[in-house]
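Notes for the one structure printed next.
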Amino acid sequence: MLKRIIKAVLPSKLYHLVLRSYSSFRVRQKIKQAFLYDYRRYLKASGSFGGNTSIQLIGNIIREYHSVEKGLTLPQTRLGFGKRAVLILINDLIKHVKNYGGQDEQVRHGIQVVLEYEYFHEYHGFKIDQEVEGAIRDLKQYVNDLQHSVQLGLTKAEYFKYKDASFDLFSHSRASVRTFDDTDISVEKILRACSMARNAPSACNRQSWKAYVFSDKEKINKILRIQGGNRGFGHLTNKLIVIAAEIGVFVGAHERNQAYIDGGIYAMNLLYSLHYQEIGACILNCSNGIEKDRTLRDLCKIQDSEVFIAMIVCGNLPESFKVPISKRYSEEHFIVFKD
């Protein structure tokens, strides 16, 4: 009714101008409300203020033990590494066992990684830090039925053994590798992998992803220094792929996260494609704060309308290397059948 009255009173051009302005205002409001909706949920549910629930603690434990696993599989593991990470891991493990029990698969694996850390140093005749030694002793008071884990040692032939096998064997054979030799990956192989990854699905086929491939060693090292999650292996990178996604192809509040979803699907497809091309790869997160995001944008020369999805360090594999176990939950943890 009000719309008809305004249309009758205002000249046509002015009416359409007012209509467009009002529509634009409504879209802005909906986007703002949607981001506030996300903000409140993340603020309440995430572990940003420490691990208080079982889920939050387990998230911390997985992140912490994976850091230790990476240290155990680096091409040149530094003896005595990771004191702070190990102490935090043990503290969270004990906290979870006391408050929620120690039967969760990831909690048990975290304990095994701590025991492997201890065994690794004993094997090499290195006396670990006294504080860490005491913390491990405390942890053992709560656990007496577990053996230490063993990170995976592989040969190059074993790693690519299932390249042409059925998908279940092929997909299970791929893992993040952090040990590369000093030979060059041809640009043609990278192009073939990127071409294969194009069949990734995307919302309404909008294909928002972009793969920026860096070959210059100095530039790669600068980017990886800012990324920060590649200590001990980033310097071995031969090619760096920075994956971004274009937000300009999406509309409205309901598609605010779609670039990340589609970009993530493409990133996984690209990892499989690199594996098929017999290129070693490790994906690195791009969960950047504001200053890091600005610095990386300037360094990588991505568009203002694009968002970072992930980085993939690539290299040719040596004849033998190690990869983290990266413990997976059993299927029952993920699958929920509902009526």
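The values are calculated or read from the model by the stated rules, or taken from the named source; none is laboratory data. Bear in mind the structure is a predicted one, so any value in this text is a computation, not a measurement. When we count neighbours, we look across all protein chains shown, and the Cβ atoms used for this are built from the backbone with ideal geometry, even at glycine. Surface accessibility is based on the protein's heavy atoms, side chains included, excluding ligands, DNA and RNA. Shrake-Rupley method; radii C 1.70, N 1.55, O 1.52, S 1.80 Å.
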Please identify the pairs in which a residue from segment 228-243 that is over 25 Å from residue 303 (Cα atoms) has its Cβ atom under 8 Å from the Cβ atom of a residue that is among the hydroxyl-bearing types (Ser, Thr, Tyr) and open to solvent by less than 30 Å² (accessible area, probe 1.4 Å), counting only partners at least 6 apart or on another chain.
233/179; 236/179
Hey, among 116, 131, which residue is out of contact with any Ser or Thr (no Cβ under 9 Å at 6 or more places or on another chain), at pLDDT 95 or above, in a helix (DSSP H, G or I) and over 17 Å from residue 54 (Cβ atoms)?
131
Across segment 188-220, what is the total count of residues that are hydrophobic (A, V, I, L, M, F, W, C) and farther than 20 Å from residue 298 by Cα?
9
Unique match (being free of Cβ contacts under 8 Å to residues at least 40 places away in the same chain, surrounded by 17 or more Cβ atoms within 10 Å (Cβ to Cβ) and more than 28 Å from residue 317 (Cα to Cα)) among 146, 115, 139, 93:
115
Find the residue count for segment 48-105, including only residues that are assigned to a helix (DSSP H, G or I), under 19 Å from the mean Cα position of the chain (by Cα) and farther than 28 Å from residue 155 by Cα.
8
Give the residues of segment 62-73 that are crowded, with 17+ Cβ neighbours inside 10 Å and either basic (Lys, Arg) or farther than 21 Å from residue 328 by Cβ (or both), sorted by residue number.
70
Of (1) in contact with a helix residue (DSSP H, G or I) (Cβ under 6 Å, 6 or more places away or on another chain); (2) closer than 21 Å to residue 176 by Cβ, residue 135 satisfies all except one. Which?
(2)
Among the numbered criteria (1) more than 29 Å from residue 287 (Cα to Cα); (2) touching a Leu at 6+ places or on another chain (Cβ under 6 Å), which one does residue 223 miss?
(1)
Taking only pairs six or more apart or across chains, which ones have beta-carbon atoms under 9 Å, a first residue in segment 47-61 that is closer than 21 Å to residue 328 by Cα and open to solvent by 30 Å² or more (accessible area, probe 1.4 Å), and a second residue that is assigned to a loop (DSSP other than H, G, I, E, B) and charged (D, E, K, R)?
54/104
If I filter segment 199-220 for residues that are part of a helix (DSSP H, G or I), surrounded by fewer than 17 Cβ atoms within 10 Å (Cβ to Cβ), touching a residue at least 60 places away in the same chain (Cβ under 8 Å) and among the hydrophobic types (A, V, I, L, M, F, W, C), do I get at least one hit?
no
The condition from (1) touching an Asp or Glu at 6+ places or on another chain (Cβ under 8 Å); (2) of a type in the set (D, E, K, R); (3) closer than 30 Å to residue 296 by Cα that residue 156 misses is numbered (3)
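May I ask you to say which residue of 285, 269 is in contact with a helix residue (DSSP H, G or I) (Cβ under 6 Å, 6 or more places away or on another chain) and either of a type in the set (Val, Ile, Thr) or within 30 Å of residue 173 (Cα to Cα) (or both)? Give the derivation first.
Details: 285 fails: in contact with a helix residue (DSSP H, G or I) (Cβ under 6 Å, 6 or more places away or on another chain).
Result of the check over 285, 269: 269.
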